[in-house]
Amino acid sequence: MTLTEKILARHAGKETVEPGELILARVDLALGNDVTSPIAIQAVRNLGVREVFDRERIALVPDHFTPNKDIASAEQARIMRDFAREYGIVNYFEVGRMGIEHVLLPDEGLVVPGDLVIGADSHTCTYGALCAFSTGVGSTDLAAAMISGEVWLKVPKSIRIVLSGKPRKWVEGKDVILHIIGEIGGDGALYQSMEYAGDGLAALPMAWRFTISNMAIEAGAKNGIFPFDKITKSYADERASRKYTVVEADRDAQYAAEIGIDLGALEPQVAFPHMPENTRSLSRVGNVPIDQVVVGSCTNGRIEDLRSACEVLRGRKVHDGVRMIVFPATQEIYLQAMREGLMEIFVTAGAAFSTPTCGPCLGGHMGILAKGEKAVATTNRNFVGRMGHPESEVYLSNPAVAAASAVLGRIGGPDEIP
Amino acid sequence: MALKGRAWKYGDDVDTDVIIPARYLNTSDPEELARHCMEGIDKEYAAKVSSGDFLVAGKNFGCGSSREHAPIAIKASGASAVIARSFARIFYRNAFNMGLPIFEVPQAVDEIDAGDVLTLDMRQGMLRNETKGRKYAIAPVPPFMQELVAAGGLLNYMASRRKGT
Ligand code: SF4
């Protein structure tokens, strides 16, 4: 069995499972946010259910429109807060103690290797980096899971992605996944699992693996999963709040396809509007002047990402025509950025440094684009209107390229700065 | 159950941000969501759609976010079903969990033009393009999903299972 099949079988109480099989599986953690959980909460209340399956196995994170953007958002956030209090939800994270859900949960040790996690948010697939199975579902699925602790799933086929070599300077996890999505397309892994393998894994720190798993959904995949190795172990040993299980793929596991990637051959990638699959190598981008740069999100809001942006920004200034906004993903990262002096580098360079929030990543608040404006963002989606006006444009990149673009006033790499 | 209405035709990769832009996600009121349905791609849709109409689209319909607001908005707009070459996986399960019928009928998608009158008989598993005089068989729904439908949706199914154990 593949990694995904093994974890699913264990959670369905079965010896084996096969692709295509529909199973009812036990969840280790169910996640909701301020956008998706109000619908789930309403459903739970409507059914007259007074108790959730396990008060410690539900995480509720207000991150999308918080700190409350407007009155409607405030009301939504309150539905979640009231529910958390009333039902005794242990893992509710209030503003000031929160973070973007997909960075927060693993960092808090709430997701551990071997877990099966569902979340009413499409980027729940992020935790595959920890050798866990995790996938995004809808609010109704979340409601059902909060009540029963179970979810129905179709066992996906798996695609094996074999990484080799070492990435060059300024090539990061973001470039690996953008390259893959560019190769296979936005539905290239539809209904399937992306499973990583190969000796190139040794060159991928946890932060990069989270970025890569995060964007599995941008290839249509159900999940993106990494094998458990030394790098996973040191992260899990430091963070895990529960005992974890190490799962390995069988030697004779069946894969629907295999893709090989030479990390050493990659350049930084930029995804052009309006699909993440519209990738180009940085050298082929041409002259694209920009109005805004966003560094943050569940894709690239980790401390490693801020460090990478700062390496480029140190001693430099954000271009006159550019607004740069930086969103550390969690309070812990915010504090760390302060301690390391990263915050000072950003602010001195002329960037805005914000409290953790999804903010402009989904066009919510804190950096919406006007008609015709262009932004470089370290986020994961560049759909029409994603960051504001339907005629604005978002270009996706890694944090170093985003920072370099902020200095240049156009899309460009660190090596192009004089 | 037979459905009848006109086709609203869209291309590939219709994502959840155009079905219901995120700026409207600070509400989950179906009527309010319906007012902005498809706004990112078609400003006319919400105002002109008639009850029973069909959304017809290319591959990977509903890609992007997990927001159930997307099938809610489509359902509340009056559309009776979505027919596409393929669906993004979260949209597929959401639509199903919410009771918005969706069907993968690639050949029909190629041959349907905007405004064509369609009828769909779920029991017979047949989609007809009345304007063009063509008909297409629809793949049967898997048994597990039929069970969910019979129970009245996912939540009722879960609730009844819970009582049983
Ligand atoms: S940062 Fe962006 S992609 Fe991540 S959870 Fe928030 S809105 Fe979604």
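The values are calculated or read from the model by the stated rules, or taken from the named source; none is laboratory data. Please read all numbers here as calculations on a predicted model, not as lab measurements. All Cβ positions, even for glycine, are placed from backbone atoms using ideal geometry, and neighbour counts span all protein chains on display. Areas reflect the complete protein model, heavy atoms only, side chains present, ligands, DNA and RNA absent. Shrake-Rupley method; radii C 1.70, N 1.55, O 1.52, S 1.80 Å.
Observations on the structure shown:
- Answer from A:Ile333, A:Ile303, A:Ile290, A:Ile345 - the residue that is under 17 Å from the mean Cα position of the chain (by Cα) and away from the ligand (no atom under 15 Å from the Cβ): A:Ile303
- Taking segment A:368-381 as the range and being in a loop (DSSP other than H, G, I, E, B) and buried (at least 24 other Cβ atoms within 10 Å of the Cβ) as the test, the residues that pass are A:Thr378, A:Thr379, A:Asn380, A:Arg381.
- Residue count for segment B:119-129, restricted to those that are without any contact (Cβ under 8 Å) to a residue 12 or more places away in the chain and assigned to a strand (DSSP E or B): 1.
- Single match in A:Leu369, A:Leu342 (criterion: among the hydrophobic types (A, V, I, L, M, F, W, C), closer than 28 Å to A:His179 by Cα and in contact (Cβ under 8 Å) with a residue 24 or more places away in the chain): A:Leu369
Residue-by-condition table, conditions (1) in contact with a strand residue (DSSP E or B) (Cβ under 8 Å, 6 or more places away or on another chain); (2) within 14 Å of chain B (Cβ to nearest Cβ); (3) under 21 Å from A:Lys174 (Cβ atoms); (4) more than 13 Å from the ligand (Cβ to nearest atom):
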site: A:Pro360; (1), (2), (3), (4): yes, yes, yes, no
site: A:Asn382; (1), (2), (3), (4): yes, yes, yes, no
site: A:Arg386; (1), (2), (3), (4): yes, yes, yes, no
site: A:His389; (1), (2), (3), (4): yes, yes, no, yes
site: A:Val394; (1), (2), (3), (4): yes, yes, yes, no
site: A:Val407; (1), (2), (3), (4): no, no, yes, yes
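- Note on segment B:91-127: residues that are surrounded by 14 or more Cβ atoms within 10 Å (Cβ to Cβ) and among the polar types (S, T, N, Q) amount to 3.
- Verdict on A:Met338 being open to solvent by 60 Å² or more (accessible area, probe 1.4 Å) and farther than 22 Å from A:Ile290 by Cβ: yes
- Residues of segment A:203-255 satisfying the condition of being aromatic (Phe, Trp, Tyr), surrounded by 23 or more Cβ atoms within 10 Å (Cβ to Cβ) and outside any loop (DSSP other than H, G, I, E, B): A:Trp208, A:Phe210
- A:Ala271 being open to solvent by less than 10 Å² (accessible area, probe 1.4 Å), more than 14 Å from chain B (Cβ to nearest Cβ) and within 16 Å of the ligand (Cβ to nearest atom): no
- Of the residues A:Ile177, A:Ile161, the single one that is more than 10 Å from every other protein chain (Cβ to nearest Cβ), open to solvent by less than 10 Å² (accessible area, probe 1.4 Å) and more than 15 Å from the ligand (Cβ to nearest atom) is A:Ile161.
- Filter result for A:Ser148 (more than 27 Å from A:Met275 (Cβ to Cβ), open to solvent by 20 Å² or more (accessible area, probe 1.4 Å), in contact (Cβ under 8 Å) with a residue 60 or more places away in the chain and within 14 Å of chain B (Cβ to nearest Cβ)): yes
Quick grid of which residues meet (1) surrounded by fewer than 18 Cβ atoms within 10 Å (Cβ to Cβ); (2) more than 14 Å from every other protein chain (Cβ to nearest Cβ); (3) at pLDDT below 95:
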residue	(1), (2), (3)
A:Arg78	yes, no, no
A:Met98	no, yes, no
A:Leu110	no, yes, no
A:Asp121	no, no, no
A:Thr124	no, no, no
A:Lys169	yes, yes, no
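- Residue count for segment A:189-202 under the criterion of being in a loop (DSSP other than H, G, I, E, B) and either away from chain B (no Cβ under 14 Å) or modelled with pLDDT of 95 or more (or both): the result is 3.
- Residues of segment A:95-134 that turn out to be small (Gly, Ala, Ser) and part of a helix (DSSP H, G or I), as a count: 3
- Positions within segment B:39-89 being of a type in the set (Phe, Trp, Tyr) and surrounded by fewer than 24 Cβ atoms within 10 Å (Cβ to Cβ), in sequence order: B:Tyr45
- Any chance A:Tyr87 is open to solvent by 10 Å² or more (accessible area, probe 1.4 Å), more than 14 Å from chain B (Cβ to nearest Cβ) and of a type in the set (Ser, Thr, Tyr): yes
- Residue in segment A:259-271 that is under 30 Å from A:Pro390 (Cα atoms), in contact with a Phe, Trp or Tyr (Cβ under 8 Å, 6 or more places away or on another chain) and not in a strand (DSSP E or B) present: yes
- Annotation note: of A:Ser139, A:Ser134, the sole residue that is of a type in the set (Ser, Thr, Tyr), away from the ligand (no atom under 14 Å from the Cβ) and open to solvent by less than 10 Å² (accessible area, probe 1.4 Å) is A:Ser139.
- Some residue of segment A:314-326 being open to solvent by 10 Å² or more (accessible area, probe 1.4 Å) and within 16 Å of the ligand (Cβ to nearest atom): yes
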